[in-house]
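Derivation of every value follows stated rules applied to the coordinates shown; laboratory data play no part. Because the structure is a prediction, the values reported are computed rather than measured. As a convention, Cβ positions derive from the backbone with ideal geometry for all residues, glycine included, and neighbour counts pool all protein chains shown.
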Amino acid sequence: MPLIDLSKTSLRDLNASLHKLTADTNETLWTIVNPAGEHSIAAGVDAPITINIDGPVGYYCGGMNKHATIVVEGSAGQGVGENMMSGLIRVRGDASQSAGATGRGGLLIVEGNASARCGISMKGIDIVVKGSIGHLSAFMGQSGRLVVFGEAGEALGDSIYEAHLYVRGAVAGLGADCVEKEMRDEHRAELAELLKAAGEEHKIDVSEFRRYGSARQLYNFNIDNVDAY
């Protein structure tokens, strides 16, 4: 069980050690202490391990994650889980802007609030935020699911493609081509699955959420607008 103290070990050496791990490693539980807001901690991990980070982290923690479970015992800076492919990242505190940006898979859980542009250009990632999110979240969201227990800021889902958005609280405003949609049985089942993954299946009723998605008007050719092309 490796324990890395970032006040004594360089971030470069830590990440180099993590990058050397293979799928059959027996070093499956790592603890990182004294992170002190360092950037890019545990970025690019590609092994089925668990990494517990005891404190706040800076930019791009867990970026490009594959297979790993990363738990941040504190808040996270910009771009936590950016472009993650699979695995799980759990932030016990708040997350700064662009949490889960361009993520292609896996699950990102933020126990607190997430700032602006949460899930921007998401491409398959699932994001569960137990607090509220800032403006322009899920901007150009292509696929994946975003669940918000609290409120959402202005321009939610601006220029959205096919990502599914579920918000429990008030929405300050919807972005271009984002509309409220009917919550059908398959969406309730999908939401229940995500609540279970986040450990909240017995605490919150899916009926408290509203669903938002694309009106599908921005990316379809319309002959009536041919002069605009």
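Compute the separation of the alpha-carbon centres of the stretch 151-206 and the stretch 1-76 and state it in Å as a whole number.
After rounding, the separation between the Cα centres reads 30 Å.
Projected onto the charge dipole of the chain (+1 at Lys/Arg Cβ, -1 at Asp/Glu Cβ, origin at the Cα centre), which of Leu195, Leu156, Asn65 gives the Cα projection farthest towards the positive end?
Final value for the positive-end residue is Asn65.
Nearest 10 degrees is fine. How inclined is helix 185-197 to the longest principal axis of the chain, computing both from alpha carbons?
The helix 185-197 is inclined about 20 degrees to the chain.
Could you list the square roots of 5 times each eigenvalue of the Cα gyration tensor of the stretch 100-227, that is, the equivalent ellipsoid semi-axes, sorted largest first and rounded to whole Å?
Over the Cα atoms of the stretch 100-227, the semi-axes work out to 24, 15, 13 Å.
Of all DSSP beta bridges in the chain, what percent run antiparallel (nearest 5)?
Taking every DSSP beta bridge with both residues in the chain, the antiparallel ones total about 15 percent.
Name the residue from Ile53, Ser75, Ser17 whose Cα lies farthest towards the positive end of the charge dipole of the stretch 1-84, charges +1 on Cβ of Lys and Arg and -1 on Cβ of Asp and Glu.
Farthest along the dipole direction, towards plus: Ser17.
Based on the alpha-carbon gyration tensor of the stretch 131-191 and its eigenvalue square roots a ≥ b ≥ c, which shape applies: rounded if a/c is under 1.5, prolate if not and a/b is larger than b/c, or oblate?
Oblate, because a/c is 1.5 or more while a/b does not exceed b/c.
Per the Cauchy relation, a quarter of the hull surface: what is the mean projected area of the convex hull of the alpha carbons in the stretch 3-59, in nm²?
Spelled out: convex hull of the Cα atoms, projected over all directions, averaged, 3.4 nm².
Most exposed first by the Cβ proxy, i.e. fewest other Cβ within 10 Å, how do Lys203, Lys130 rank?
Listing Lys203, Lys130 from fewest to most nearby Cβ atoms yields Lys203, Lys130.
Using the Cα centre of the stretch 1-90 as the reference point, and only Cβ charges (+1 on K/R, -1 on D/E), how large is the resulting charge dipole? Debye, rounded to the nearest 20.
100
Using the eigenvalues of the Cα gyration tensor, what equivalent ellipsoid semi-axes result for the stretch 3-228 when each is taken as the square root of five times the eigenvalue, whole Å, largest first?
In descending order the semi-axes read 33, 18, 16 Å.
For the stretch 118-229, give the share of DSSP beta bridges that are antiparallel, in percent and rounded to the nearest 5; count only bridges with both residues there.
Just about 35 percent of them are antiparallel.
Using amide H atoms built in the peptide plane, which far-off residues or other-chain residues are under 5 Å from Ile109 H to H?
Residues meeting the amide H criterion: Ile89, Arg90, Val91, Val128.
Let me know the shape class of the stretch 41-161, please: from the alpha-carbon gyration tensor, a ≥ b ≥ c as square roots of the eigenvalues, rounded when a/c is under 1.5, otherwise prolate if a/b is greater than b/c, or oblate.
oblate
Pairs of alpha-carbon atoms within less than 8 angstrom and 6+ residues apart define the contacts here; what relative contact order does the stretch 22-113 have, in percent?
Answer for the stretch 22-113 is 21 percent.
For the chain, what is the mean residue ellipticity at 222 nm derived from helices alone (per DSSP H run of n ≥ 4: -39500 (n - 2.57); sum divided by total residues; nearest 500 deg cm²/dmol)?
That calculation yields -3000 deg cm²/dmol at 222 nm.
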